[in-house]
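Take a look at the structure set out below.
The values are calculated or read from the model by the stated rules, or taken from the named source; none is laboratory data. What you see is a predicted model; the values in this text were computed from it and never measured. Every residue, glycine among them, receives a Cβ derived from its backbone with ideal geometry; neighbour counts consider all protein chains shown.
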Amino acid sequence: MDLEFKYPDKPKAELNSSLLVFKLLNNPLIVNISSKATLLALKIGLPISFAIKHTIFKHFCGGETLQESVKVIEKLGKDKICSTLDYSAESVDSTKFFDKTKKEILKAIDFVKDNAFVKSLAVKPTGLASSGLLMKKSNLDELTANESDQYSSAIGRIDQICNAGHEHGIDIYIDAEESTIQKALDDISIDMMKKYNQEKAVVYITLQMYRKDRLAFLEELIGMAIRDQYYLGVKLVRGAYWEKERKRDSRNKERDIVFLKKEDTDSAFNRAIDVCMENLDALHICNATHNEESSRHLASAMSKKNIPNDYHAIQFSQLYGMSDHISYSLAKAGYNVSKYLPYGAVKQVIPYLIRRAEENKAISGQMSREAYLINQAIKSKNE
Ligand SMILES: Cc1cc2nc3c(=O)[nH]c(=O)nc-3n(C[C@H](O)[C@H](O)[C@H](O)COP(=O)(O)OP(=O)(O)OC[C@H]3O[C@@H](n4cnc5c(N)ncnc54)[C@H](O)[C@@H]3O)c2cc1C
């Protein structure tokens, strides 16, 4: 079976505005200047939120609030694409902030629990727990009594979210972050899976396949899930922090975390898909990628095993505003597809938008391809 990824039919005005966003993001100079300038302008209170909201924010986010995001959720839903809500609030190291994030996420679960187009929610652990503590835990450093209390509160917040997801039928994807804190995130994800994945995978761990150790870790996770009798929920990504991790590796001879060649990450990713497919009784998989080859790889593995396209334990996922040709084509062919849909105040979402820009500036190809595809779609409308 050969899947054809075709750009969806959209109004010309929408295509033109998307093209403009991608053209801007394709320019490293503009991205560099605007990332820094944007942060500074917001810091000193310049009124640029309006301009951002109606361009790049609109392209990559659902809205500033849950209510605002409903429009996008329904629009995607009409084309059989679900939304994975992603409350965007990044890294302020304070209990007040972590509690607020938790409250917002619980509110989101309550808001969407009866919405047929939202079946999952993303959780970025550094929105709920101190990075410093996560790093200490990852390094197996001793915590003071006060730090231990703070850490238990952080676990409590994540637990409450997973519990609410379990109760209301919303899957919880725990995002992977930088390797300096990932060991703690892995341990938390495993504990939550043990607790909430008895009947199905509710909680998902994220594996960044640019890491050399993740294939062996996947096998280990599968072994653990079988032994302890719970479903492994696994979200596969290539990883968003490659540049940073590579720099860390090159500064420290003891460290050798990420692959240096893109092909190695690609093979590890596709091999991880194969390993998941060989163990489908024990796990649920979310194939989170914009890579056409990896999307085809899973689809063809399913077809070879005669697994129906809408098989409940297999999900494809892309970020909202990216790779619509993959999402819409997969959804049309009957696969389970979702889009990560960030929402939150413009100011709070800026770091997410900068990450999208940086990621695509560093790795040439994807965005140019986005621009190319949109351009083709515009041309075909003019014919
Ligand atoms: C739904 C969804 C959820 C996500 N959640 C997370 C998350 O929790 N944590 C996270 O870190 N990321 C997450 N991401 C981001 C994801 O990691 C990036 O989108 C991804 O890195 C882009 O890769 P791709 O699979 O789309 O394919 P491609 O665009 O084909 O691959 C690009 C990726 O390949 C890797 N790469 C590039 N050059 C090299 C090189 N020279 N050597 C080795 N590897 C290289 C990098 O990881 C790079 O990002 C998520 C993405 C999606 C779609």
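Structure notes:
- For the condition touching a residue at least 60 places away in the same chain (Cβ under 8 Å), more than 10 Å from the ligand (Cβ to nearest atom) and of a type in the set (K, R), K332 qualifies.
- Pick from region 78-105, criterion small (G, A, S) and in a loop (DSSP other than H, G, I, E, B), ranking: nearest to Q67 (Cα to Cα): S88
- Among the residues here, I181 does not qualify as crowded, with 23+ Cβ neighbours inside 10 Å, within 26 Å of Y340 (Cα to Cα) and touching a Cys at 6+ places or on another chain (Cβ under 9 Å).
- Of the residues making up region 149-196, those that are closer than 22 Å to N115 by Cα and out of contact with any Lys or Arg (no Cβ under 9 Å at 6 or more places or on another chain) are G165, I172, Y196.
- Within region 239-264, the set of residues being part of a loop (DSSP other than H, G, I, E, B), at pLDDT 95 or above and either touching a strand residue (DSSP E or B) at 6+ places or on another chain (Cβ under 9 Å) or away from the ligand (no atom under 16 Å from the Cβ) (or both) comprises G239, I257, F259.
- Failed condition for S300, given (1) assigned by TED's automatic domain parsing to the domain that holds L232; (2) away from the ligand (no atom under 16 Å from the Cβ); (3) touching a Leu at 6+ places or on another chain (Cβ under 6 Å): (3)
- Selection within region 71-92 - surrounded by fewer than 18 Cβ atoms within 10 Å (Cβ to Cβ) and acidic (D, E): E74, D79, E90
- Meets criteria (out of contact with any Pro (no Cβ under 9 Å at 6 or more places or on another chain), assigned to a helix (DSSP H, G or I) and among the hydroxyl-bearing types (S, T, Y)) for T206: no
- Unique match (being among the aliphatic types (A, V, I, L, M), in contact (Cβ under 8 Å) with a residue 24 or more places away in the chain, under 22 Å from K262 (Cα atoms) and more than 10 Å from the ligand (Cβ to nearest atom)) among L236, L218, L232: L218
- Residue tally, condition over 26 Å from D264 (Cα atoms), among the small types (G, A, S) and in a helix (DSSP H, G or I), over region 159-188: 2
- Unique match (being under 29 Å from R356 (Cβ atoms) and either crowded, with 20+ Cβ neighbours inside 10 Å or of a type in the set (D, E, K, R) (or both)) among K244, K253, K305: K244
- Pairs linking a residue in region 299-319 that is touching a residue at least 12 places away in the same chain (Cβ under 8 Å) and within 23 Å of T206 (Cα to Cα) to a residue that is outside any strand (DSSP E or B) and of a type in the set (D, E, K, R), with Cβ atoms under 7 Å and 6 or more positions apart or on different chains, are A301/D274.
The rows are residues; the columns are (1) away from the ligand (no atom under 13 Å from the Cβ); (2) hydroxyl-bearing (S, T, Y); (3) touching a Gly at 6+ places or on another chain (Cβ under 9 Å).
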residue	(1), (2), (3)
D171	no, no, yes
A176	no, no, yes
Q182	no, no, no
D187	yes, no, no
D191	yes, no, no
K194	yes, no, no
E199	yes, no, no
V203	yes, no, yes
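- Among residues of region 240-268 that are farther than 18 Å from Q182 by Cα, those with a Cβ under 9 angstrom from a residue that is part of a helix (DSSP H, G or I) and more than 7 Å from the ligand (Cβ to nearest atom), sequence gap 6+ or separate chain, pair up as L260/R246; L260/D249; D266/E293; A268/R214; A268/L215.
- Total residues in region 336-366, condition within 14 Å of the ligand (Cβ to nearest atom) and either of a type outside the set (A, V, I, L, M, F, W, C) or at pLDDT 90 or above (or both): 18
- Residues in region 269-293 that are away from the ligand (no atom under 13 Å from the Cβ) and either free of Cβ contacts under 8 Å to residues at least 40 places away in the same chain or not in a helix (DSSP H, G or I) (or both): D274, M277, E278, N279, L280, D281, A282, L283, H284.
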